[in-house]
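Chemist: Next up is a structure, given as structure tokens.
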Amino acid sequence: MKQFDVMVIGMGPAGMAVSAMGAAMGLSVLSIEKHKVGGECLNCGCIPSKALLKAGEALYSARNLKKYGIEGEFHMSASDPMQVVRDKILGINDKKFQKAFERATLVQGTAEFLDDRTVQVNGESYTAKKIFIATGTEPFIPPIPGLRDIPDVLTNVNMFEIEKIPESLTIVGGGAIGSEMAQAFARLGTKVSLAHMDPHLVPVGDEEAAGVLQEAFEREGIAVHNGAKITGVSMKNGKILTVADTTTLESERILVATGRKPVLEALRLEKAAVEFTKRGIVVDSHMRTNRPHIYAVGDCNGQSLLSHAAMHQGMLALMHSLSPFSLPMLKRERYVVPWSVFTEPEIAQVGMTEKEAREKGLKIRVVKKAFRSYGRTVADGHPEGFVKVVVDARGRIYGATIVGEAASELIHEWTMAIQYKKRMHHVMMMQHAFPSVSMINKMVAEDWMMEKMKSGWMRKLVNLLK
């Protein structure tokens, strides 16, 4: 039986973080992957979806250059945009990428626990002092009548393998994947309909921000059906018919983007006596399972289904596994998790939304700044959107919502402020390069301060200084 310091099952973002860090520290690392290194994020998730979005953005921007005073005709070439995406992924996942893990032992195959110390792959048994489960999630296919009878239903797993851009597409699900792919395909010439059961797009986020995104979708010809219960899917004359309430959507293909479920069955966790639920493997604040030498990191623990959170959890868990002390700084809850949807306009969020803060009964104020109030974003041709910050009377920041150009970049300033307990005046007093897009963050804080200046005690202070 081969023995290692660290065993990692699954080489997605979380598993790669543990493997790369462990190997860099000089530990003997066994990395097990049943499919491709990089997991879904690299091969059929975050990265290829951004490549497809960029292709759609390029064509859409070219066809709308008139607003910048530029005339011209632009068409999609005969070459397949999907092949361009696949070529980019191959370029990322080449020998240079693999070199980061050359000091780890990589085994291809499906891992199965024999007991809480031993894992078998391809008939070979392995053991390690610390074991990290990072098997991720897979698409959840809802029990919609007739859906499983449809041939070649698309999910993020097979979406980037299609041979051509479909003429028409129905998307079930209005979260990040559904919204991003709706815009990407629509901009590449597909007639897109999106239906989902939630009241607005990107339901985990701010409703007002979702409204800005929906307006953009409607301008681009994407039909959005919010709050729609899908009661059946069938085939007729070579077309897919999707019944959403009283509406029947007809399309060439259907994409299901209705959430994720953990990939656990093949692991045979019961043999290791590791606790798990339908949501994922049960872990504590350090990502430890009920077996202290076994950790579960990333999507498989159900705590935060985001690639950056998975990488962060992998880092924290490995550091904790090597420490003789239970350090508070290595607890998952100490770190806020921002998220972004990479549509145009982008949506980004960190901390509480306005709705969540009000539901908690917090005494909050909402400070909001429209993108169209700032010369840079207007000049760039991206006036739609806003920055909304949820604060209390003393400037404590509970959350921030951004919809608009570069939202996924702007959100990190608010993430830093929340994580390290900085207040609105700290953001206001920090110099921002002008006219960077990030200046709008400072402008929001300035608006908050100007509102404070109107308060009674501030007016009294000013009068004393006269």
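The values are calculated or read from the model by the stated rules, or taken from the named source; none is laboratory data. Treat the numbers as computed from the prediction; the structure is a model and nothing was measured. Methodologically, a virtual Cβ is constructed for each residue, glycine included, from the backbone with ideal geometry; neighbour enumeration extends over all protein chains shown.
Chemist: Which residue, of Glu208, Glu215, is in contact (Cβ under 8 Å) with a residue 60 or more places away in the chain, among the charged types (D, E, K, R) and either surrounded by 15 or more Cβ atoms within 10 Å (Cβ to Cβ) or in a strand (DSSP E or B) (or both)? It would help to see each step written out before you state the result.
Modeler: Values: Glu215 fails: either surrounded by 15 or more Cβ atoms within 10 Å (Cβ to Cβ) or in a strand (DSSP E or B) (or both).
Going through Glu208, Glu215 in turn, just one is in contact (Cβ under 8 Å) with a residue 60 or more places away in the chain, among the charged types (D, E, K, R) and either surrounded by 15 or more Cβ atoms within 10 Å (Cβ to Cβ) or in a strand (DSSP E or B) (or both): Glu208.
Chemist: Would you call Gly381 of a type outside the set (Val, Ile, Thr), under 19 Å from Ala216 (Cα atoms), out of contact with any His (no Cβ under 9 Å at 6 or more places or on another chain) and not in a helix (DSSP H, G or I)?
Modeler: So Gly381 fits the description; yes.
Chemist: Filter the helices (runs of 4 or more DSSP H) completely within segment 7-100 down to those with at least 1 residues that are closer than 30 Å to Gly381 by Cβ and either modelled with pLDDT of 80 or more or outside the structural domain of Tyr126 (by TED's automatic domain parsing) (or both). Step through it out loud before you land on a result.
Modeler: Values: elements: 13-24, 39-44, 46-63, 81-92, 95-99.
Those helices (runs of 4 or more DSSP H) span 46-63, 81-92.
Chemist: Return the residues of segment 253-270 that are among the charged types (D, E, K, R), outside any strand (DSSP E or B) and surrounded by 15 or more Cβ atoms within 10 Å (Cβ to Cβ); say none if nothing qualifies. Give the derivation first.
Modeler: Step one: filter segment 253-270 for residues among the charged types (D, E, K, R), giving 253, 260-261, 265, 268, 270.
If we keep only those that are outside any strand (DSSP E or B) too, we end up with 265, 268, 270.
The answer is Arg268, and nothing else.
Chemist: Among the residues of segment 396-407, are any within 19 Å of the chain's Cα centre (by Cα) and farther than 28 Å from Met450 by Cα?
Modeler: Looking through segment 396-407, none of the residues is within 19 Å of the chain's Cα centre (by Cα) and farther than 28 Å from Met450 by Cα.
Chemist: For Val337, only one of the following conditions fails: (1) without any contact (Cβ under 8 Å) to a residue 60 or more places away in the chain; (2) under 27 Å from Asn158 (Cβ atoms); (3) under 17 Å from the mean Cα position of the chain (by Cα). What is its number?
Modeler: The one condition Val337 does not meet is (2).
Chemist: While we're here: Could you count how many residues in segment 290-309 are assigned to a loop (DSSP other than H, G, I, E, B) and not hydroxyl-bearing (Ser, Thr, Tyr)?
Modeler: Of the residues in segment 290-309, 9 are assigned to a loop (DSSP other than H, G, I, E, B) and not hydroxyl-bearing (Ser, Thr, Tyr).
Chemist: Being within 21 Å of the chain's Cα centre (by Cα) and within 23 Å of Ala58 (Cα to Cα) narrows it down to one residue among Leu169, Leu213, Leu188, Leu201; which is it? Can you show your working first?
Modeler: Numbers: Leu169 fails: within 21 Å of the chain's Cα centre (by Cα); Leu188 fails: within 21 Å of the chain's Cα centre (by Cα); Leu201 fails: within 23 Å of Ala58 (Cα to Cα).
Exactly one of Leu169, Leu213, Leu188, Leu201 is within 21 Å of the chain's Cα centre (by Cα) and within 23 Å of Ala58 (Cα to Cα), namely Leu213.
Chemist: I would also like to ask the following. Can you pull out every residue in segment 117-165 that is outside any loop (DSSP other than H, G, I, E, B), under 29 Å from Asp284 (Cα atoms), in contact with a Cys (Cβ under 8 Å, 6 or more places away or on another chain) and aliphatic (A, V, I, L, M)?
Modeler: Residue satisfying the conditions is Ile133 alone.
Chemist: Against the condition out of contact with any Leu (no Cβ under 6 Å at 6 or more places or on another chain), at pLDDT below 95, assigned to a helix (DSSP H, G or I) and surrounded by fewer than 22 Cβ atoms within 10 Å (Cβ to Cβ), how does Met329 come out, does it pass?
Modeler: Details: out of contact with any Leu (no Cβ under 6 Å at 6 or more places or on another chain): yes; at pLDDT below 95: yes; assigned to a helix (DSSP H, G or I): yes; surrounded by fewer than 22 Cβ atoms within 10 Å (Cβ to Cβ): yes.
Spelling it out, Met329 is indeed out of contact with any Leu (no Cβ under 6 Å at 6 or more places or on another chain), at pLDDT below 95, assigned to a helix (DSSP H, G or I) and surrounded by fewer than 22 Cβ atoms within 10 Å (Cβ to Cβ).
Chemist: Here are some residues: Phe160, Phe140. Which one is surrounded by fewer than 17 Cβ atoms within 10 Å (Cβ to Cβ), of a type in the set (Phe, Trp, Tyr) and closer than 24 Å to Gly259 by Cα?
Modeler: The match here is Phe140.
Chemist: Six or more apart or on different chains, Cβ atoms under 8 Å: show the pairs whose first residue is in segment 20-36 and free of Cβ contacts under 8 Å to residues at least 24 places away in the same chain and whose second is part of a helix (DSSP H, G or I) and not acidic (Asp, Glu).
Modeler: Once the first residue is free of Cβ contacts under 8 Å to residues at least 24 places away in the same chain and sits in segment 20-36, its partners that are part of a helix (DSSP H, G or I) and not acidic (Asp, Glu) give His35/Asn43.
Chemist: Lys278 is checked against (1) touching a residue at least 24 places away in the same chain (Cβ under 8 Å); (2) under 29 Å from Glu40 (Cα atoms); (3) outside any strand (DSSP E or B) and fails just one. What number does that condition carry?
Modeler: (1)
Chemist: Name every residue in segment 271-315 that is surrounded by fewer than 23 Cβ atoms within 10 Å (Cβ to Cβ) and among the aliphatic types (A, V, I, L, M), in order of residue number.
Modeler: Correct list: Ala272, Ala273, Val274, Val282, Leu305, Leu306, Ala309, Met311, Met315.
Chemist: What number of residues within segment 151-183 satisfy the criterion of being at pLDDT below 90 and of a type outside the set (A, V, I, L, M, F, W, C)?
Modeler: Counting residues in segment 151-183 that are at pLDDT below 90 and of a type outside the set (A, V, I, L, M, F, W, C) gives 3.
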